[in-house]
Amino acid sequence: MVDAKKKSPYSTTQMTKTRRQELEEKSRNQAYIGWASSNQAIWGQYERMVEFIFAEYDKTNRRYDEIALPLLHTISHCIELAMKENIIFFNTYSGSSQTFKFENFTSLMKSHDLDLLSTEFQAAYYRVQKKLSVNDEEKIQFNTYFAKLEELLALLDRSAETFRYAHKLNKDGSLVKPSIDQNKKIDFQEIKKLYEGVKTLFIGAPNSIGHYTDFIDYQQAHPKFKRGKGYLYCQRLSYDPWYFEHLHEMVVEEKKWIKVREHVYFDPETMENYEITHWNGDIYIIAIHPNKK
């Protein structure tokens, strides 16, 4: 006689749950590596890997000696990718790909020299900051975090071979020099702290000019739009029909903006006129000359 209180081994719920768990585990173990089809996507994966190691390795109470070189190589390559992607972004909006430490832009992209790349990264930011007339406060912030990058690079002291091979070799296989100073010692807690600041730099620098570059994107798609002053109130926002309508109410009720005409508002705090519009799945709050068409 079957005990009604005992769950049947043929329970559909039980089988479905177990099957679902199996499918989830199988899916989790499968990586669609072809989806990482850009250097920016690869940079993101390196960054997540470094974050994971720093978050979890301390819990093991094991020494960093056991993973030091692969971790330092991963951090270095993450920084390399981040600088190159930022340089490309800055150059897109400055309209220049001039290099200072490399013969041309191709040689820059092929380089693994973090010190030279950091010089190009700084120069590319200064160039776009000047071109877009970004306020000096943003430049001060950039320099604050750039100093952390310089500190981290001084600790890494990384060349192309460092952290990957024990020795640097000539093309004929003869020894040039050891890749790593045998007396070199690194404090990984210091590396971790500096790396957090450097992450902020690589994300914050392009975001700090986002309300300028977003306007450029809008202007290029709408060449007849001549009212813009060259920047937005904030970076573009994701478009949703309800939110777009709610935004008009919010700027009046919460920010105390004064409606000038449909979709156009005056902000008494900044003394700016803003036009709220949307395009290509995003909302743009554009600073405008109110008397221009």
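The values are calculated or read from the model by the stated rules, or taken from the named source; none is laboratory data. This is a predicted model, so every value here is computed, not measured. Neighbour counts are summed over all protein chains in view; Cβ atoms, including those assigned to glycine, are modelled from backbone coordinates with ideal geometry.
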* Tell me which of these E190 doesn't satisfy, since it passes every other one: (1) surrounded by fewer than 13 Cβ atoms within 10 Å (Cβ to Cβ); (2) touching a Lys or Arg at 6+ places or on another chain (Cβ under 9 Å); (3) among the charged types (D, E, K, R). => (2)
* Matching residues in the stretch 82-101 - criterion: being among the hydrophobic types (A, V, I, L, M, F, W, C), surrounded by fewer than 19 Cβ atoms within 10 Å (Cβ to Cβ) and modelled with pLDDT of 95 or more -> I88, F89
* Asked: Using beta carbons and a limit of 8 Å, which pairs, at least six apart or on different chains, have the first residue in the stretch 100-111 and touching a residue at least 24 places away in the same chain (Cβ under 8 Å) and closer than 17 Å to F89 by Cα and the second one of a type in the set (D, E, K, R) and in a helix (DSSP H, G or I)?
  -> L108/K84; L108/E120; M109/K84
* **Single residue of Y218, Y165 found to be assigned by TED's automatic domain parsing to the domain that holds M83 and outside any strand (DSSP E or B)** => Y165
* Structure fact -> Residue hits (the stretch 248-265; farther than 14 Å from R227 by Cβ and either of a type in the set (A, V, I, L, M, F, W, C) or part of a strand (DSSP E or B) (or both)) are M250, V251, V252, W257, I258, K259
* Identify, by number, the condition in (1) under 14 Å from S76 (Cβ atoms); (2) in contact with a Ser or Thr (Cβ under 6 Å, 6 or more places away or on another chain) that K168 doesn't meet. => (1)
* **Condition broken by D214, with the remaining ones in (1) within 23 Å of N280 (Cβ to Cβ); (2) of a type outside the set (F, W, Y); (3) at pLDDT below 95 satisfied** => (3)
* **Count of residues meeting criterion [more than 25 Å from T162 (Cβ to Cβ), assigned to a helix (DSSP H, G or I) and not small (G, A, S)] in the stretch 183-215** => 8
* Asked: Which of the residues that make up the stretch 266-287 are in contact with an Asp or Glu (Cβ under 8 Å, 6 or more places away or on another chain) and buried (at least 18 other Cβ atoms within 10 Å of the Cβ)?
  -> N273, Y274, Y284, I285, I286, A287
